[in-house]
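Dropping a structure here in structure tokens format, bear with me for questions.
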Amino acid sequence: MASPASIVKLPSRGVPAAQVEEPPSQGGGSYQPFLPYWAVLENDFFQVLYSWVFRLWVLVMVAAGTGFLLYRVGVYKVTGVVQHASHFLADLTQWTVLVSVALVAVLAASSIAGERGSLADSVLSRGISRFQYYLGKWHGRLLSVLATHLALGLVGLTAAKMFLHEDIHLVGGLAALGISAAMLAVVVSLGVMVSAMIVNSFAAIAVLWVLLYGGGMLLSSLPVGTPSPDWALQQLPYVLKGQFHLEVLHRVVGWSLGISIGSAFIGMTYFSRRDM
Amino acid sequence: MAETASEDLVVETTQLTKIYQNRQIALNDVTLKLERGCVLGLLGSNGAGKTTLLRLVIGLHHPTAGSVKVFGRPMGANTADLRRRIGYIPTNPRFPRGMTPITYLDYMAKLFGLTRNVRKPRLASLIRAVDLLGASASPISTFSSGMTARLAVATSLINDPDLLIWDEPTHGLDPEARRSMLDLIKNLSKQKTLIVSSHNLGDIDEVCNHAAVLSNGHLIYSGPLQDLKGRMRRNHYELDFEGEQKTIARALQAIKTIGEVKYTSLQHRRLTVQLQDDAVAAPVLAQVLAAVHEAKVGLVGVRSVGQQTEEAYLDLVEKEEQRGFTRIYRQAA
């Protein structure tokens with residue numbers, strides 16, 4: 001059978017296109033089953049990097065971190081009051097997580113809802129299953145958000161160690177980054193789930209904000225010791241100093257992983273059953 | 001199209017029904033069979049259910065009731081292996097911002113799971129074939145409608161599909177690009193099965209050998225295009241003249257005296273002649289032409305109007321609407 005390119009001879013401006021050579025024959029092994037998933041993931045990763053929300057998020061994080069660090073260094077220089085790196089980082093993380101949640105929620109909630117309609121036609125009408133598409137989108141957003149968060153976190157850790165009175169334990173610092181990353185993973189996972197369920201991007205963002213901030217408030221009213229975002233953030237100064245039990249870390253990461261995988265399962269199941 | 005074993009069918013829908021959110025009946029009890037090698041023209045007015053049917057066939061929509069089989073297997077949202085054998089062009093194809101034809105086709109080829117050694121040469125050949133070589137580095141957002149149509153064609157062929165589903169491929173194209181598109185469909189029809197949806201009945205008439213007519217979500221005809229035309233009343237002709245109106249009127253008087261001529265109507269220099277239903281056309285037309293010759297009227301053209309797809313389509317839709325509540329019962333094919 002002739003290749004499609006050898007059939008197509010669409011002229012433009014009335015001039016017939018040149019005859020096309022046959023592309024090399026395919027032979028066996030021309031299909032890779034995970035390539036569609038990888039293509040969506042890769043495309044989504046770069047789509048996030050080029051989006052204005054992502055750039056705004058990075059800008060806010062860098063500006064807040066730099067400003068806060070300069071303030072703490074300034075206080076020490078002027079008053080001589082010792083500024084502990086663990087306190088600085090814990091405060092910084094608490095505030096930036098709250099701001100980050102708002103922007104990361106926008107990024108996550110627009111992942112699938114933003115591509116509804118004719119743009120989704122051009123992807124989902126090809127040789128990709130809804131499961132692969134969902135997983136590609138979910139992992140693409142997770143990768144871009146978590147990689148950025150970890151990179152910025154490591155820069156923050158290094159800067160705090162260099163400019164403030166270091167009382168940070170290396171393992172504690174990494175554990176604190178892990179906790180905050182786990183919380184962001186929950187935000188991203190819930191965001192992608194909501195995005196797969198709600199057609200309109202703005203509605204998806206609004207629902208996710210209500211879910212996150214409302215859910216966070218509800219969880220913080222539960223008895224002490226119940227894993228909640230508030231509780232996890234309060235543990236950060238101790239974690240940064242290395243004063244934490246591995247069990248606590250396991251609980252936070254375990255809950256986050258459970259919620260993330262659960263929400264992905266719900267989102268994926270719903271998404272595979274709905275009309276595009 | 002009905003007497004074929006299920007495994008030989010490219011597309012088979014059985015009592016396919018789609019109701020959106022219990023509010024809108026988009027498709028109603030559509031049973032359609034498409035054999036290998038067919039070029040099916042999907043006809044219907046706006047909102048008749050053409051796009052819904054195509055989206056159900058491609059697996060973008062779930063049927064409310066009934067089933068869709070493609071290549072003998074049920075089509076669904078996760079049957080990616082079936083979609084790997086289909087090339088689809090939506091009505092108004094949209095493309096991601098910032099991509100060039102190369103990056104876009106590469107992305108689409110990856111979505112079909114094509115390895116680098118297959119997709120790179122193929123996308124290069126297709127870009128060249130659709131004459132986008134000069135624009136291969138330009139963002140798609142800067143493309144004209146003709147260029148995006150050509151890119152959509154290349155995209156639908158990147159996986160070398162067995163079945164092509166093109167939803168209004170000539171929509172928004174200038175006459176030159178439309179002609180190219182129709183020529184392409186003719187070429188592709190030699191090797192592939194095609195479903196082409198269009199408002200332009202002339203396009204369907206030119207490239208399709210089968211037709212399916214949808215009216216308000218209901219399939220009112222499916223079968224060979226010739227059979228659809230054959231349903232129309234025959235013996236209906238138009239003659240175009242040149243010369244003085246006085247001599248044309250003289251010819252008209254002579255034509256009216258021919259016994260088998262049932263009806264005549266003259267508008268400027270165009271004469272409509274309808275023969276008796278049981279009349280044999282050739283001898284009567286010979287008498288008509290003889291009368292024209294004797295009146296010394298210049299004859300510019302003669303054509304049969306009853307055999308046009310447009311006439312047949314409109315007649316079919318009109319008859320369906322006239323059936324009223326008897327639509328409850330299936331009409332014999």
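The values are calculated or read from the model by the stated rules, or taken from the named source; none is laboratory data. Computed from a prediction, not measured in an experiment: that's the story for all the values here. With ideal geometry, Cβ positions are generated from the backbone for all residues, glycine too; neighbour counts draw on all protein chains shown. The protein model used for the area step is the full one, side chains on, heavy atoms only, and it has no ligands, DNA or RNA in it. Shrake-Rupley method; radii C 1.70, N 1.55, O 1.52, S 1.80 Å.
Which residues, taken from the stretch B:97-116, are farther than 22 Å from B:N78 by Cβ and touching a residue at least 12 places away in the same chain (Cβ under 8 Å)?
B:R97, B:G98, B:M99, B:T100, B:P101, B:I102, B:Y104, B:L105, B:D106
Which residues, taken from the stretch A:182-215, are touching a helix residue (DSSP H, G or I) at 6+ places or on another chain (Cβ under 6 Å) and not in a helix (DSSP H, G or I)?
Passing the criteria: only A:I198.
Those residues that are more than 7 Å from chain A (Cβ to nearest Cβ), over 21 Å from A:L41 (Cα atoms) and assigned to a loop (DSSP other than H, G, I, E, B), I need them from the stretch B:86-106; list them, please.
Within the stretch B:86-106, just B:T91 meets the criteria.
Right, here's the next one. Would you mention how many residues in the stretch A:158-180 are within 18 Å of A:H139 (Cα to Cα) and open to solvent by less than 10 Å² (accessible area, probe 1.4 Å)?
Counting residues in the stretch A:158-180 that are within 18 Å of A:H139 (Cα to Cα) and open to solvent by less than 10 Å² (accessible area, probe 1.4 Å) gives 1.
Out of all the residues in the stretch A:227-251, which are loosely packed, with under 12 Cβ neighbours inside 10 Å and over 23 Å from the mean Cα position of the chain (by Cα)?
Scanning the stretch A:227-251 gives A:H245, A:L246, A:E247.
So which residues in the stretch B:241-253 are touching a Leu at 6+ places or on another chain (Cβ under 9 Å) and open to solvent by less than 80 Å² (accessible area, probe 1.4 Å)?
B:F241, B:I248, B:A249, B:A251, B:L252
Output yes when any residue across the stretch A:180-187 is more than 24 Å from A:I112 (Cα to Cα), touching a residue at least 24 places away in the same chain (Cβ under 8 Å) and not β-branched (V, I, T), and no when none is.
Checking the stretch A:180-187: at least one residue is more than 24 Å from A:I112 (Cα to Cα), touching a residue at least 24 places away in the same chain (Cβ under 8 Å) and not β-branched (V, I, T).
Yes or no, residue by residue, for (1) modelled with pLDDT of 90 or more; (2) under 35 Å from the mean Cα position of the chain (by Cα); (3) surrounded by 11 or more Cβ atoms within 10 Å (Cβ to Cβ):
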{"site": "B:Y237", "(1), (2), (3)": "no, yes, yes"}
{"site": "B:I255", "(1), (2), (3)": "yes, no, yes"}
{"site": "B:Y263", "(1), (2), (3)": "no, yes, yes"}
{"site": "B:D277", "(1), (2), (3)": "no, yes, no"}
{"site": "B:Q308", "(1), (2), (3)": "no, yes, yes"}
{"site": "B:E311", "(1), (2), (3)": "no, yes, yes"}
{"site": "B:K319", "(1), (2), (3)": "no, yes, yes"}
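Something else now. How many residues are touching a strand residue (DSSP E or B) at 6+ places or on another chain (Cβ under 8 Å), hydrophobic (A, V, I, L, M, F, W, C) and open to solvent by less than 10 Å² (accessible area, probe 1.4 Å) if we restrict to the stretch B:153-182?
Total satisfying the criteria: 7.
Among the residues of the stretch B:68-85, write down those that are under 29 Å from B:L132 (Cβ atoms), open to solvent by less than 30 Å² (accessible area, probe 1.4 Å) and at the interface with chain A (Cβ under 7 Å from one of its Cβ atoms).
Passing the criteria: B:A80, B:R83.
How many of the residues in the stretch A:106-130 are closer than 18 Å to B:F112 by Cβ and outside any helix (DSSP H, G or I)?
The number of residues fulfilling the criteria is 5.
Oh, and also: State the number of residues belonging to the stretch A:184-193 that are under 12 Å from A:G215 (Cβ atoms) and either surrounded by 24 or more Cβ atoms within 10 Å (Cβ to Cβ) or basic (K, R) (or both).
Going through the stretch A:184-193 one residue at a time, the tally reaches 2.
Condition (residue is part of a loop (DSSP other than H, G, I, E, B) and under 22 Å from B:L173 (Cβ atoms)) applied to the stretch B:107-123: is it met by at least one residue?
The answer is no; no qualifying residue exists.
May I ask you to list the residues in the stretch B:51-67 that are more than 7 Å from chain A (Cβ to nearest Cβ), under 24 Å from the mean Cα position of the chain (by Cα) and open to solvent by 10 Å² or more (accessible area, probe 1.4 Å)?
B:T51, B:T52, B:R55, B:P63, B:S67 - these are the residues of the stretch B:51-67 that are more than 7 Å from chain A (Cβ to nearest Cβ), under 24 Å from the mean Cα position of the chain (by Cα) and open to solvent by 10 Å² or more (accessible area, probe 1.4 Å).
Go through the stretch B:141-183 and give me each residue that's in contact with a Lys or Arg (Cβ under 8 Å, 6 or more places away or on another chain) and not in a helix (DSSP H, G or I).
The answer is B:I158, B:N159, B:D160, B:P161, B:D162, B:L163, B:L164, B:D167, B:T170.
So that you can scan it fast, the table gives a plain yes or no per residue for (1) modelled with pLDDT under 85; (2) within 14 Å of another protein chain (Cβ to nearest Cβ):
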site: A:R13; (1), (2): yes, yes
site: A:P23; (1), (2): yes, yes
site: A:G28; (1), (2): yes, yes
site: A:F45; (1), (2): no, yes
site: A:G80; (1), (2): yes, no
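Looking at the stretch B:128-184, which of the residues that are of a type in the set (V, I, T) and at the interface with another protein chain (Cβ under 9 Å from one of its Cβ atoms) is nearest to B:G59 (Cα to Cα)?
Of everything passing the filter in the stretch B:128-184, B:I165 is nearest to B:G59 (Cα to Cα).
Scanning for something open to solvent by less than 50 Å² (accessible area, probe 1.4 Å), closer than 30 Å to A:V81 by Cα and among the small types (G, A, S), does the stretch A:198-209 turn up at least one residue?
There is no residue in the stretch A:198-209 that is open to solvent by less than 50 Å² (accessible area, probe 1.4 Å), closer than 30 Å to A:V81 by Cα and among the small types (G, A, S).
Could we say that B:G113 is out of contact with any His (no Cβ under 7 Å at 6 or more places or on another chain), open to solvent by 10 Å² or more (accessible area, probe 1.4 Å) and either of a type in the set (G, A, S) or at the interface with chain A (Cβ under 9 Å from one of its Cβ atoms) (or both) here?
Criteria not met by B:G113.
Which condition does B:Q15 not pass, out of (1) over 20 Å from A:S272 (Cβ atoms); (2) surrounded by fewer than 21 Cβ atoms within 10 Å (Cβ to Cβ); (3) modelled with pLDDT under 90, if it passes all the others?
For B:Q15, the failing item is (3).
Follow-up question, since we're still on this one. So if I check each of A:L69, A:L92, A:L103, A:L142, which one is assigned to a helix (DSSP H, G or I), open to solvent by 10 Å² or more (accessible area, probe 1.4 Å) and farther than 20 Å from A:A232 by Cβ?
The unique qualifying residue is A:L69.
Out of everything in the stretch A:218-276 that is polar (S, T, N, Q) and not in a loop (DSSP other than H, G, I, E, B), what residue ends up being farthest from the other protein chains (Cβ to nearest Cβ)?
A:Q234
Another question, then. For the stretch B:205-223, which positions are buried (at least 19 other Cβ atoms within 10 Å of the Cβ) and acidic (D, E)?
The one that is buried (at least 19 other Cβ atoms within 10 Å of the Cβ) and acidic (D, E): B:D205.
In the stretch B:183-204, which residue that is in contact with a strand residue (DSSP E or B) (Cβ under 7 Å, 6 or more places away or on another chain) and over 20 Å from B:T51 (Cα atoms) is surrounded by the fewest Cβ atoms within 10 Å (Cβ to Cβ)?
B:S189
Of (1) within 29 Å of B:L9 (Cα to Cα); (2) in contact (Cβ under 8 Å) with a residue 12 or more places away in the chain; (3) among the small types (G, A, S), B:A80 satisfies all except one. Which?
(2)
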